[in-house]
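Asks: Handing you a structure now.
What follows is calculated from the coordinates using simple rules that are stated; it is not laboratory data. Owing to the predicted nature of the structure, the values given are computational and were not obtained by experimental measurement. Note: ideal-geometry Cβ built from the backbone for every residue, glycine included; neighbour counts use all protein chains shown.
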Amino acid sequence: MRHWLKSGVLGAAAVLLLGVSCQAFKRPPEPATPVQRSDVANVAAGDRAFAFRLFRVLRERPDSFAFSPAGVRMALTMAWAGAESETAEELGSVLGLAGDPTAIHQSNQALLAVWRKAPLGGSAASFKLRVAQGFFAQTERQPAQAFIELLQRHYAAPFSPKDFAAPETVRSQVNLWVEKRTDERLGNFLPQGSLDSGLELVLVSALDFEAPWAKPFDPGHTHGGEFQLPGGKKTAKVELLARTGEHLVNETPEAQVVELDYEGDGFVFDLIVPRGELAAFEAGFDEKKLDQLLSALAPKEVTVSLPRFEAGETVELTGALQKIGIHAALTPGKADFSTITGTRKLHLSKLPHRIQLRVDEGATAERSGDAGAGKAPEPRGVEVRAVRPFLYLVRDKKRNLILGMGRYAGPAGG
């Protein structure tokens with residue numbers, strides 16, 4: 001058997017007979033055995049490839065969007081742990097999972113443990129990465145005890161029975177769970193009408209990223225500006241953050257890239273501003289292009305301006321997953337999650353996902369009452385003005401993982 005939990009324990013068909021409480025699942029413990037650097041490197045390599053697979057589908061939408069490649073991939077790895085035959089092979093191929101399954105789960109467990117802590121040099125009071133991920137299944141689908149233990153040990157994730165005959169009740173319960181797991185920062189995760197009575201298995205993936213800049217933007221430099229909307233014919237008013245200082249910068253004929261550091265030794269925000277139409281740049285934006293842009297970053301004096309914005313819309317991903325090659329897991333009668341329940345009467349019905357992050361002046365942004373009334377600093381050095389549609393990444397630079405990836409196309413309703 002290929003998966004860690006496909007063992008004699010599961011062969012004995014140990015089944016959890018009682019309902020599983022979402023609240024019973026706490027933070028995952030530290031891995032019992034040390035995680036090898038090679039295992040973490042394998043996870044990172046697969047993360048980058050998966051990120052661009054999903055990006056190529058999500059970019060088809062015309063508006064702003066954000067997703068967490070690392071978050072979605074980790075959630076789907078939990079599904080892979082419960083899959084068999086073609087379902088497991090398909091998930092493993094698309095996710096780029098290779099090597100010992102136990103090492104993969106331990107690597108994810110180690111990542112969650114690291115992400116719970118402030119990076120070296122950062123403040124534990126101001127850095128928070130909150131993760132809410134788990135399964136919600138039709139009541140009669142009873143999970144094997146071994147699968148429950150794997151989810152709890154490595155992912156702090158529940159497998160919770162729900163009666164989808166009352167979808168709005170379930171929606172409220174899931175929303176409450178997400179709120180509690182994210183310290184009440186992610187509200188209304190599932191919008192009204194997003195669930196129905198025919199669902200079998202819902203896999204939730206939600207993340208909230210809160211971190212201060214290493215060098216906060218001066219609120220006195222936040223000023224009003226015009227943002228060019230897609231198509232180039234209309235503009236919308238935005239509040240522009242602005243800063244002059246030394247940052248890692250790369251200028252190419254295609255785009256300008258600036259790396260903004262978050263506090264501590266760990267996460268960075270990569271601002272990618274195409275010189276021409278964003279759609280044309282996105283069409284050629286892949287792993288190789290990203291590596292080229294990042295590898296040529298060099299310290300320079302730069303004046304950077306970008307809109308203050310917040311990303312945080314829930315995206316239903318099952319349609320996108322089908323387009324990148326995940327079919328069996330989503331198809332009734334074809335999905336094989338018998339590792340979970342001992343039968344093949346279970347398929348992945350929905351995968352709602354959200355990453356929430358804010359781009360603002362910094363830790364004092366919410367207390368600044370006159371933001372937007374400031375004056376832009378005198379430009380010095382390279383000037384990067386993100387006043388037209390752009391891309392951005394939030395990277396765990398230390399582990400080479402893409403935590404967040406998105407497009408900003410202008411203010412909502414602009």
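Asks: Compute the separation of the alpha-carbon centres of the range 266-336 and the range 68-143 and state it in Å as a whole number.
Replies: 19
Asks: Continuing with the same structure: Trypsin sites (Lys or Arg not before Pro) within the range 199-242: which are DSSP loop residues with at most 12 other Cβ atoms inside 10 Å?
Replies: Of the trypsin sites (Lys or Arg not before Pro), the ones in loops of the range 199-242 whose Cβ has at most 12 other Cβ atoms within 10 Å are K233, K234.
Asks: Hey, another quick one. At a Förster distance of 30 Å, what's the computed FRET efficiency of A236 paired with K215, Cβ-Cβ distance as r, to 0.05? Provide the component values of the computation, followed by the final result.
Replies: On the way: r = 28 Å, r/R0 = 0.92.
Approximately 0.60, to the nearest 0.05.
Asks: Report the dimensions of the range 51-210 along its three principal axes from the alpha-carbon atoms, largest first, rounded to Å.
Replies: Its Cα atoms span 49, 37, 37 Å along the three principal axes.
Asks: How much FRET efficiency would the formula 1/(1 + (r/R0)^6) give for E149 and Q292, where r is the Cβ-Cβ distance and R0 is 41 Å, rounded to 0.05? Before the final figure, lay out each step's value.
Replies: Working: r = 44 Å, r/R0 = 1.06.
Once the sixth-power term is evaluated, E becomes 0.40.
Asks: In deg cm²/dmol and to the nearest 500, what is the mean residue ellipticity at 222 nm of the chain if only DSSP H runs of at least 4 residues count, each as -39500 (n - 2.57), divided by the residue total?
Replies: Working: 11 runs with 111 residues, N = 414.
Calculated from helices alone, the mean residue ellipticity at 222 nm is -8000 deg cm²/dmol.
Asks: Another question, if that's okay. List the GluC sites (Glu not before Pro) within the range 166-198 that DSSP assigns to loop and that have no more than 16 neighbouring Cβ atoms inside 10 Å. List each step's numbers first, then the result.
Replies: Values: sites: E168, E179, E184; in loops: E184.
Those that pass, being in a loop and sparsely packed, are E184.
Asks: Cα atoms only: what Rg and Dmax, in Å, come out for the chain?
Replies: So, for the chain, Rg and Dmax equal 21.8, 71 Å respectively.
Asks: Something else now. So, in nm, how far is label R56 from label V382 when the simple model puts each one 7 Å beyond its Cα toward the Cβ?
Replies: Taking the simple label geometry, R56 and V382 are separated by 2.8 nm.
Asks: Would you mind checking the pairs K375/K397; K117/K375; K237/K289; K128/K300; K234/K375; K237/K375 and listing those with alpha carbons more than 27 angstrom apart? Walk me through the intermediate numbers first.
Replies: Values: K375/K397 32 Å; K117/K375 36 Å; K237/K289 31 Å; K128/K300 30 Å; K234/K375 24 Å; K237/K375 16 Å.
Violating the 27 Å limit, Cα to Cα: K375/K397; K117/K375; K237/K289; K128/K300.
Asks: Calculate, in nm to one decimal, what S197 and E251 gain on full extension: separation in residues at 0.36 nm each, minus their alpha carbon distance.
Replies: Values: separation 54, 0.36 × 54 = 19.44 nm, distance 5.20 nm.
Length gained, S197 through E251: 14.2 nm.
Asks: Shape call for the range 202-299 from the C-alpha gyration tensor, a ≥ b ≥ c root eigenvalues: rounded (a/c under 1.5), prolate (a/b greater than b/c) or oblate?
Replies: On the way: a/c = 1.18, a/b = 1.05, b/c = 1.12.
It comes out rounded by the Cα gyration axes.
Asks: Could you check how many percent of all C-alpha pairs in the range 257-414 are farther apart than 23 Å? Before the final figure, lay out each step's value.
Replies: Working: 6675 of 12403 pairs.
Looking at the range 257-414, the distances longer than 23 Å represent 54 percent of pairs.
Asks: Using a Gaussian network model of the chain whose springs link C-alpha atoms within less than 10 Å, name the residue from V178, V382, V273 with the highest mean-square fluctuation.
Replies: For the chain, modelled as a Gaussian network with Cα springs under 10 Å, the answer is V382.
Asks: I need the shape label for the range 127-177. Rule: rounded when a/c is under 1.5, else prolate if a/b > b/c, else oblate, with a, b, c from the alpha carbon gyration tensor. Before the final figure, lay out the partial values.
Replies: Working: a/c = 4.76, a/b = 1.15, b/c = 4.12.
Oblate, since a/c reaches 1.5 and b/c is not below a/b.
Asks: Looking at the range 78-209, send over the antiparallel percent of its DSSP beta bridges, to the nearest 5.
Replies: Numbers: 9 of 13 bridges.
Once the DSSP bridges in the range 78-209 are tallied, antiparallel ones form about 70 percent.
Asks: Given contacts defined as C-alpha pairs under 8 Å and at least six residues apart, what's the relative contact order of the range 291-414, whole-number percent? Let's see the in-between values first.
Replies: Details: 147 pairs, mean separation 35.1, N = 124.
That works out to 28 percent.
Asks: In addition: When only alpha-carbon atoms count, how far does the range 130-222 stretch along each of its three principal axes, as whole angstroms with the largest first?
Replies: 58, 32, 15
Asks: So what are the three principal axis dimensions of the range 315-360 from its Cα atoms, in whole Å, longest to shortest?
Replies: That works out to 49, 22, 12 Å along the principal axes.
Asks: Taking neighbour counts of Cβ atoms within 10 Å as a proxy for exposure, in what order, fewest first, do D360, D291 appear?
Replies: Neighbour counts put them in this order, fewest first: D291, D360.
Asks: Which of L348, V72, Q138 sits farthest toward the positive end of the charge dipole of the chain, with +1 on the Cβ of Lys and Arg and -1 on the Cβ of Asp and Glu?
Replies: Working it through, the farthest residue towards the positive pole turns out to be Q138.
Asks: Give, in nm to one decimal, the length gained when the segment between E310 and D100 is fully stretched (0.36 nm per residue of separation minus the Cα-Cα distance).
Replies: Details: separation 210, 0.36 × 210 = 75.60 nm, distance 3.83 nm.
Extending this stretch completely gives an extra 71.8 nm.
Asks: Take every Cα pair under 8 Å in the chain that's 6+ residues apart, average their separations, divide by the length, and report that relative contact order as a whole percent.
Replies: Details: 875 pairs, mean separation 98.3, N = 414.
Reported relative contact order: 24 percent.
Asks: Please express the Cα-Cα pair-distance distribution P(r) of the range 290-346 as a list of whole percents, one per 5 Å bin, running from 0 to the bin with the greatest distance.
Replies: Going from the shortest bin to the longest, the percentages are 4, 12, 10, 11, 12, 10, 9, 9, 8, 7, 5, 3, 0.
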